[in-house]
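This report concerns only the one structure given below.
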Amino acid sequence: MSIKKQIPNIITLLNLFSGCIAVYFACVNQLTVAALFTALGIFFDFFDGFFARLFKANSELGLQLDSLADMVTSGVVPGVFMFQLMLQSSAVNDALPIEVVGWNAVEWVPFFGFLITLASCYRLANFNIDTRQTSSFIGLPTPANTLLVISIGLISIYQSSGVVEVMLDNIWVLMMITILSCYLLNSKMRLFALKFKNLNFKDNWVRYLLIVSSIVLLLLFKYIGITSVIILYIILSLIFKGKESE
């Protein structure tokens, strides 16, 4: 195989490399740095497919590599993020005073966050064998879910105030977000793919709308804007799913 044909796989491995670095920084609770490398990994994840189509280098190997890399960047990382958020929740000990025969069950509650990792793994495996997801997605893609989870972490660090601070510091709220994340990943919702087959406005106006709206939301609301973008993506998909899945 020519070097040009290997470029998409190299980009996929850069996604995996970024994800590995993100896992390390998330584990040592440097969530901002972890978020940066996660975003870099998702950036590579978007462009490996672009170059695969450009160089006509689509292959079964590339498909498997992509899912394996996503399992780290968009599977392990959000699980660790949620683990850290639950671990830091000042409400955990007050909200869950559980003691079982001298064993403090509360210490194990943050591991609940790794349900996101399990749900991501299931979604990726299902995606690989689901022939219905060629032009659209069924369930929230793992990169979008990861952006949703890390945005919550960044909001809690940089934009947490008032009601938001109380909510994101509550273990019950974090557990509900975890369950919602797992549901969205494996739901039957049909969401449009962000891949452009051409630049024609008529064929991609919903995608352009999402891009422009995303820029505005990010400029206005910063990290809260990331969460808003994912919510907007879901809403637009539910409204226009018929048109986009054709």
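Data for the structure
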read-out: The chain: relative contact order as a whole-number percent, Cα under 8 Å and 6+ apart; value: 19
read-out: Distance between modelled label sites at Ile157 and Met176, nm, 7 Å Cα→Cβ extension; value: 2.5
read-out: Against the rule of thumb 2.2 N^0.38 Å, how large the Cα Rg of the chain comes out; value: 1.05
read-out: Exposed chymotrypsin sites (Phe, Trp or Tyr not before Pro) absent - longest run of the chain, DSSP non-H/G/I/E/B, at most 16 other C-beta within 10 Å; value: 56-195
read-out: More than 16 Å apart - percent of Cα-Cα pairs taken over the stretch 117-201; value: 59
read-out: Accessible-area value, Val164, 1.4 Å probe, nucleic acids and ligands omitted, Å²; value: 50
read-out: Trypsin sites (Lys or Arg not before Pro) lying in DSSP loop within the stretch 137-243, provided at most 12 other Cβ fall within 10 Å; value: Lys188, Lys197
read-out: Cross-link pairs beyond the 32 Å C-alpha cut-off, checked among Lys5/Lys222; Lys5/Lys188; Lys195/Lys222; value: Lys5/Lys222; Lys5/Lys188
read-out: Probe 1.4 Å - accessible area at Asp66, Å² to nearest ten; value: 40
read-out: Hz values of 3J(HN,Hα) by residue in the stretch 66-79 - Karplus curve (6.51, -1.76, 1.60), Gly and Pro given as x; value: 4, 5, 5, 5, 4, 4, 7, 5, 10, x, 6, 4, x, x
read-out: Helix-only mean residue ellipticity at 222 nm for the chain, each DSSP H run of n ≥ 4 adding -39500 (n - 2.57), per residue, nearest 500; value: -23500 deg cm²/dmol
read-out: With Cα atoms, 0 to 90° folded angle of helix 31-54 axis to the chain main axis; value: 20
read-out: Length gained when the stretch Asp203-Lys4 is fully extended (0.36 nm per residue, less Cα-Cα span); value: 68.7 nm
read-out: Over the stretch 122-246, relative contact order from alpha-carbon pairs under 8 Å, at least 6 apart, %; value: 36
read-out: With every protein chain in place, the stretch 156-215: carbon and sulfur % of accessible area (1.4 Å); value: 70
read-out: Charge sum, other residues only, whose C-beta stays under 15 Å from Gly75's C-beta, Lys/Arg counted +1 and Asp/Glu -1; value: -2
read-out: Net charge contributed by nearby residues that have their C-beta within less than 14 Å of Glu60 (K/R +1, D/E -1); value: 0
read-out: Within-13-Å neighbourhood charge of Tyr158 [Cβ basis; K, R +1; D, E -1]; value: 0
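The values are calculated or read from the model by the stated rules, or taken from the named source; none is laboratory data. Every value quoted in this text rests on a predicted model; they were computed, and no experiment measured them. FYI the Cβ positions are ideal-geometry reconstructions off the backbone, even for glycines, and counts take in every protein chain you see. Surface areas here come from the heavy atoms of the whole protein model, side chains and all, with no ligands, DNA or RNA. Shrake-Rupley method; radii C 1.70, N 1.55, O 1.52, S 1.80 Å.
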